[in-house]
Structure formats: C-alpha cells, structure tokens
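Quick notes on the structure that follows.
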Amino acid sequence: MILSAVRELLSVIVPVWNNADTLAASLASITEQDYAALEIIVVDDGSTDGSAAIARQFGVVCIRQENAGPSAARNRGLLAASGKLISFLDADDRWPAGRVQHHLSILADAPATDMVIGTTRTIFLPAPSGEAAHPPLPAPLIQQNLGSITLRRTAFDKVGRLNPSLRVGEDKDWFKRALAAGLQIRMTPTVALEYYQRRGSLTFGTIDPARGFLAALHDSLQRRRRAAVTSPSATPPATEATPGDR
C-alpha cells in the first residue's frame, strides 16, 4: 500500500547508557529510513562517555536523566513523544532499510491493529570474521525485543508503561501484559531489527538474562494471583517460561 501524503508522525525512542561507540550507527539506521515524519527521542540515562554529544550531532531530541535503567528511560521518552505511533531502538542495535515503511503500511491497512512485530536477526560480536549472524528468530520468539515493534500510542493506555524496576527481561514482562490486555497484534516475517550481542552488554555476561526473565515471570504471577483474589471464579492462564530475554 502507498501511504497517504499526510504521514503520521512516528516517535522513535532510543534509551542510551554509555553507548558512544555504537550510538551513531544506531541513529543513522533510523535517519536513513525512507520515511520523513520521524521524531527521534534519545534519553541519556546518566551516560559518562559523551553519548549525548553524539546524539546532538543528529539534531534529535535529547533528554538527560539520572541513571534509572532502560525501562525508566523508555517511559521518559514516551512522556516526551508527540507521535501517535511509537517505536523503540536500543543504542547498540540497528534497523534494516525499509523497516519503517513496512510496519506503517501494515498499520495503515489494518486500523484495528494495535501493534506490528517483525523478526529479529541476532548478530554476535566479536567473531573471527567480525560478525556472526544467526538466522532470523522464528515467530514464537519474536515477541521478546521492543526494537522489533511499531505500535499505536493508544496501546499504552491498554497495557501501561514498562516496569521501571526491571533492567533485564522488561520486554517479556510488557509483552505478557500486552497479550493479557488483548492487544490486536500482527506479526511479519520481515526482519525489523538487527540485534547486536556484544561482550559487556546486559545479555553478554554482565547480568544473567535468566534472572531478569524470572523477575518478570514472578511479577506476572503476582498480578495473576491478585486478579484471582478479586475474581475467584477466574482461572488464570498458564504461563510459558522461555528464558533468554534481553
């Protein structure tokens, strides 16, 4: 579908914490998209390496806060966002060409759809050849990364914002709530995110990703128990445990 001449503003929120070595490539992957109605919001989560100066070179909105974690940074970006459409990208990942147009075409064709989820290609660094790319993740796993989605702002009215107490596993926690809230979701096999795994990243040794997943799972179970107390006749759905989240 050809998008209308009056294009909806897409707000892209980029949380940053000491990503001076990767931020420029991440922002370039956004600005090089074939879509002009972009608002890029970089939330500097207490960086000490000059990340903010790099962001300002791109002429983006740059917000600084004391270090509070990626969920709090994304939530801060949401408060500042002007667009009716929202996407996220971490400061060490990238979007492939055509990603924005593809997602927005799907949303334009399906007004009842709240969110589009694309496929993630994981790239491990360092590798003998410089990069080691795994095939795109299959459909059951692509719900795990916020960088692969585009959604309507109204989705947060139904689901709520990200849990600021989670620094790892926050993606899975939010997706579980999105499914419980009954969001209308469209999945596409087209790659929407190039997810880079680097030594020193949150999921490459510094923090156990399974620990973050278990925290999100525990929080989800607590919500289900509270709901069961409020509605004793309701049977809570089974929870699927699949560790390995970002």
message: I'd like the FRET efficiency for R7 and T48, computed as 1/(1 + (r/R0)^6) with the beta carbon distance as r and R0 of 41 Å, rounded to 0.05.
response: 0.65
query: Sorted by mean Cβ packing within 10 Å, highest first, what order do the peptides 103-112, 51-60, 162-171 take?
result: 162-171, 51-60, 103-112
- prompt: Using 7 Å Cα-to-Cβ label points, what is the R161/A97 separation (nm, one decimal)?
  reply: 3.7
- prompt: Spin-label point model (7 Å from Cα, Cβ direction): what's the D21 to A181 distance in nm?
  reply: 3.6
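Values in this text are rule-based calculations from the coordinates and carry no lab data. Here the structure is a predicted model, which means the values were calculated and not measured. Glycine also receives a Cβ, built like all others from the backbone with ideal geometry; neighbour counts cover every protein chain displayed.
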